[in-house]
Structure formats: C-alpha cells, structure tokens
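Comments concern the structure below.
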Amino acid sequence: MTIANNGVRAQTSRLILVLGVERLSTIINWQDRSTCVLLGDGAGAAVVAPSRHGRGILSTHLQSDGTFWDLLYSSYERSCLPQSLDCIDLKPFQLKMDGNRLSKHAVGCLSSIAAKAIEANGLSTSDIALVVPHQANMRIIRAMAKNLGIPMEKVYTNLDRYGNTSSASIPIALDEANRAGLIKDGDLVLLASFGAGLTWGATVIEWGD
C-alpha cells in the first residue's frame, strides 16, 4: 500500500493493483497443533487510484526489527499431510512460530504504529470510524483496541470464519466491511498490520474517491 500510494502521488502510475495472497496450507506443519489450527489460505486485492475529491490514503507508516526474526520464520523440513489434504503441493519448508513472545510484540507494535498514524494526521481515536486490523487472533486485536481506547464495535474481524490469512487478511476484511455497509463516504479507516521480519505498519484512509 505504501508503494502504491507513493507511485500515485509521484504520478509515475495512475492505477495500481495491490495484492495480498497466502497459501499457508503448503508450509504448515500439520502435526503442530499450535500453528496449523490458526492459519488459513486467502487472497485479497485493492485498486489504488488518484483521488478526485482529496480523499484516499492520508498516510502510511512502516517499521521493522530484524532482531526478532526467530519469532516467525520458515525452515527446511518436510512434514506429513493428513490424508484429507493430500492434494496440496507441500513445500519443503515449514512455518515456525514462538506464539507467546510473538503475541506480546504484536500487541505493542500494532498499538504504537496505529497511534503514530492517528497522531501524524492530527486525529484522535474518536475520529476513527472503523479499524481493520491484521487478523492474527482475538487476544491481540482486543488488546490493541484497548490500548488505543477504541471500542470493539469499531473493529472489524473475520478470523472466526477464515483463521489468520496473513497478508490477505486486511484486503479481505476491508472488502467485507465495505460490502456490509460499515464504511460510509468520508469515514476515516485505520488499517494496522503485523508480520514476519518482524515488520509492522499502519495506514489511515479517508474513504471515498
């Protein structure tokens, strides 16, 4: 989203397609119940274009810290598939995750980057109409919302239906929220994301064209 925003603002591109796609089923260790039951496959997309009325992406914010790479990564190691999933083309590496430590970092990073994005635009949390967060797990999402002082009624979630679809989770959730009529023209929407690296980011959008 940051790259797309910069391209449109610099007028090097007019229409940019942003994709988030995951096939986590191909790298999950299906014998590790601490990860395999949490994750899902998914794909989402958004078209970023110049705004006609001064709305759109107000700002994007990115941060990373490579010293915590070992909390979420992949390593070379095949695992057995359940018979019901033998149609999957399993990759020769597996997802490794230190769930407890990762969750603690996720809450702090998401809370701080979201607050930074809100403050950078001269806004308060009460100005935000809807938060669409990375769909990691409900504990992380609830803790982030509590830290920001945003009620859960303003936070869209769908992980109860799909699990954590990683980079696909925000575009899928944003599309669903829009189709459900939860976002109106002129609403301020906060996106907050977190992932391997460790990397995290936030975006504030004024909804509309």
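The values are calculated or read from the model by the stated rules, or taken from the named source; none is laboratory data. What you are looking at is a predicted structure, and each value in this text was computed from that prediction instead of being measured. FYI the Cβ positions are ideal-geometry reconstructions off the backbone, even for glycines, and counts take in every protein chain you see.
Entry remark, the stretch 53-82: residues being at pLDDT 80 or above and either among the hydrophobic types (A, V, I, L, M, F, W, C) or assigned to a loop (DSSP other than H, G, I, E, B) (or both) number 9 in total. Within the stretch 1-20, residues that are surrounded by 15 or more Cβ atoms within 10 Å (Cβ to Cβ) have Cβ atoms under 9 Å from residues that are of a type in the set (A, V, I, L, M) and part of a loop (DSSP other than H, G, I, E, B) in these pairs: Val8/Leu15; Val8/Ala49; Ile16/Ala49; Val18/Met1, counting only partners at least 6 apart in sequence or on another chain.
All of (1) free of Cβ contacts under 8 Å to residues at least 24 places away in the same chain; (2) within 23 Å of Leu71 (Cα to Cα); (3) touching a Phe, Trp or Tyr at 6+ places or on another chain (Cβ under 8 Å) hold for Glu176 with one exception: (2). What are the residues in the stretch 21-43 that are in a loop (DSSP other than H, G, I, E, B) and loosely packed, with under 14 Cβ neighbours inside 10 Å, if any? Answer for the stretch 21-43, where residues must be in a loop (DSSP other than H, G, I, E, B) and loosely packed, with under 14 Cβ neighbours inside 10 Å: Gln31, Val37. Among the residues here, Ala46 does not qualify as crowded, with 19+ Cβ neighbours inside 10 Å, in contact (Cβ under 8 Å) with a residue 24 or more places away in the chain, at negative phi and not charged (D, E, K, R). For the stretch 143-164, residues that are buried (at least 16 other Cβ atoms within 10 Å of the Cβ) and either charged (D, E, K, R) or modelled with pLDDT under 95 (or both) total 5.
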